[in-house]
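Okay, structure first, notes after.
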Amino acid sequence: MKVTVSLIKADVGSVAGHAVVAEEIKAIAEENLKEAVKDGKIIDFRVFNAGDDLELLMTHRKGVDSEEIHGLAWEIFKKCAERAKELKLYGAGQDLLKDAFSGNVRGLGPGVAEMEFTERKAEPFVALMMDKTEPGAFNLPIFRIFADPFNTAGLVIDPSMHSGFVFEIWDVLEHKRVFMRSPEELYSILALIGAKSRFVIKRVYPKPGKLPTDEPVAVVSTEKLYQVAGEYVGKDDPVAIVRAQSGLPAVGEILEAFAFPHLVSGWMRGSHNGPIMPVPFKYAKCTRFDGPPRCIAAGFQICNGKLIGPVDLFDDPAFDYARQKANEIAEYMRRHGPFEPHRLSAEEMEYTTLPKVFESLKGRFERI
């Protein structure tokens, strides 16, 4: 029997600016999801926060894009946002960009990563949640997990992985997608996903012979808030689900992709490049310059739709070096102040509040 794992997130309001979700807000979400379990809407759930984003992880049998599941998440986000407004929390309801629910939350502001699959004999997966960055921040680690033999030893020494994987890549500006095969089209894949603000990995699939080919093994949220709102309202703060083991990358190979704190776009006011820091749950709050951007990893086994876990996978001294390196990179980037490459390029800044500054100066320029 197939099970669906849905990870749906939204910024509904936070304490101390953009730092962290209030415990009272998380409690509202948990109480509502407990009722949803009693009512048979979902099988199981967990509630997290990545910085100022409220994360709802749910299992059910209603498939992806279920109106009932998305409606449940939307109502919970609305209740949390209403309480956040009463508490005068910062950015209350920030990601709830539309008033009317229209069947699912896509295009309304929240980010969504969900997949339907047939449970294997043992079914581990990792839920990855980022704050202060954009969907393209997952491009490098997802590529490394499923296509880089220097990261994933199984691509070399496990015969069941030699055929590689299929990447579904979205052009978020032109609203198109392409399916590309690794390792055959490795260089062409990199040509696209290296431009991470435009081309983003949406899903990864196994090739025929491993698992049912219509079942993804990784999925990333790709919602772009500025495209929904028509202006800058905050960074997208993506989430991802990655299945592991038995013909797929091992959990350790998934985590290895985050041992290098690569540069991502976002950070302060969504306008700066900085390192993505892998952190335990207790450090899932953004402070220095509203950052640096960070990622948490929750590990699970799933049994008949029930969640066993989470394991706080980055709560390990093995990632201390990555955190130290991220702090060094953050210090180096911050010393640039308002200059590129710390500040985003002019093209990317078009989607922030900077154009309003340029507009105020337009009449003062003289022809040379």
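No value in this document is a laboratory result; all are computed from the given coordinates. For clarity, every value in this text was computed on a predicted model and none was experimentally measured. Cβ coordinates were reconstructed from backbone atoms using ideal geometry, including for glycine residues, and neighbour counts include every protein chain displayed.
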Legend entry - Chain lengthening between Ala195 and Glu215 when straightened (0.36 nm per residue, less Cα-Cα): 4.5 nm
Legend entry - the chain, dipole about Cα centre (Lys/Arg Cβ +1, Asp/Glu Cβ -1), debye to the nearest 20: 300
Inset, instruction - Write down Rg/Rh for the chain, rounded to two decimals, with Rg from the C-alpha atoms and Rh from the Kirkwood relation over Cα pairs. - result: 0.96
Inset, instruction - Quick one: of Lys62/Lys88; Lys26/Lys196; Lys79/Lys306, which pairs are farther than 28 Å apart, Cα to Cα? - result: Lys62/Lys88; Lys26/Lys196
Legend entry - Estimated 222 nm signal from helices in the chain, with DSSP H stretches of n ≥ 4 weighted -39500 (n - 2.57), rounded to 500: -7500 deg cm²/dmol
Legend entry - Antiparallel %, DSSP beta bridges [both residues in the chain], to 5: 95
